[in-house]
Amino acid sequence: MKTISIALVGDYDASVPAHQGIPLSLDMAGNELRLEVQATWLATETIKNTDLSQFDGIWCVPKTPYVDESGAIQAIKYARENLVPFLGSCGGFQHAVLEYARNVIGWPDAAHAESTPEGQRAVISELSCALIETTEAVNLFPQSQLASIYKVTAIQEGYRCRYGLNEAFRNALLQGPLVASADDNTHEVRAVELTIHPFFIATLFQPERAVLSRKRSPLIEAFVNACAQNQGL
């Protein structure tokens, strides 16, 4: 059985439901795809001393603020620039937007309102309505990679999140190649993807929660499959 290695970028906390679900969801995806998945938790403060080239994929996981925001940004930048399969959920979504704003758009002062409340360019700000321990409808945009993965245009996904994309910066940030790929009934962005990357998807919802209800996640299966394909390159 083929083995793939995935870095889980975030500060592990056994009490966090998403952290409980992530290894289970990777095992479920691996079983479906006949792959053995080896997942390694990387605390954000250790990224600067970690060789990320040893991993077939990178998943930036929930629970913010991170101990070391710069470590998460470094890992996301590595995945983006080296075409390594990347999945971001909740905090991973927030920091994928932050990394893009700083390193692609060219806004070094781009900030996350949770960790830098005094920031003048808060590309990540408090949601108009916090999404705490709730399941909500998500609308997948036609022709998006996300819609092709789920094979539907509407899904139900779980959240535990207070911060998301600041709509004031939406047009400037998401003109491409980073684009919105999902929203909800508020019309606020709930997922983004990078069109010039084989697999770079970040969602404000937490697909890893599906396994806690004994449900498979098409997104996590697609991510694991992309990691297996990346290994063969």
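The values are calculated or read from the model by the stated rules, or taken from the named source; none is laboratory data. What you see is a predicted model; the values in this text were computed from it and never measured. Every residue, glycine among them, receives a Cβ derived from its backbone with ideal geometry; neighbour counts consider all protein chains shown.
Tabulated data for the structure shown
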quantity	calculated
Every residue from segment 153-198 that is of a type in the set (A, V, I, L, M, F, W, C), assigned to a loop (DSSP other than H, G, I, E, B) and touching a Pro at 6+ places or on another chain (Cβ under 9 Å)	ILE196
Members of segment 199-227 that are in contact with an Asp or Glu (Cβ under 8 Å, 6 or more places away or on another chain), assigned to a helix (DSSP H, G or I) and within 13 Å of GLU32 (Cα to Cα)	ILE220, GLU221
Members of segment 5-49 found to be charged (D, E, K, R), touching a residue at least 12 places away in the same chain (Cβ under 8 Å) and not in a strand (DSSP E or B), listed by number	ASP11, ASP13, GLU32, ARG34, GLU45, LYS48
Selection count, segment 1-57, where residues are among the polar types (S, T, N, Q) and under 21 Å from CYS90 (Cα atoms)	6
Subset tally (residues that are closer than 19 Å to LEU52 by Cβ and buried (at least 19 other Cβ atoms within 10 Å of the Cβ)) for segment 79-111	15
Unique match (being among the acidic types (Asp, Glu) and at pLDDT below 95) among GLU99, GLU133	GLU133
Flag for GLY71 being within 27 Å of ILE132 (Cβ to Cβ), part of a helix (DSSP H, G or I) and in contact with a Leu (Cβ under 6 Å, 6 or more places away or on another chain)	no
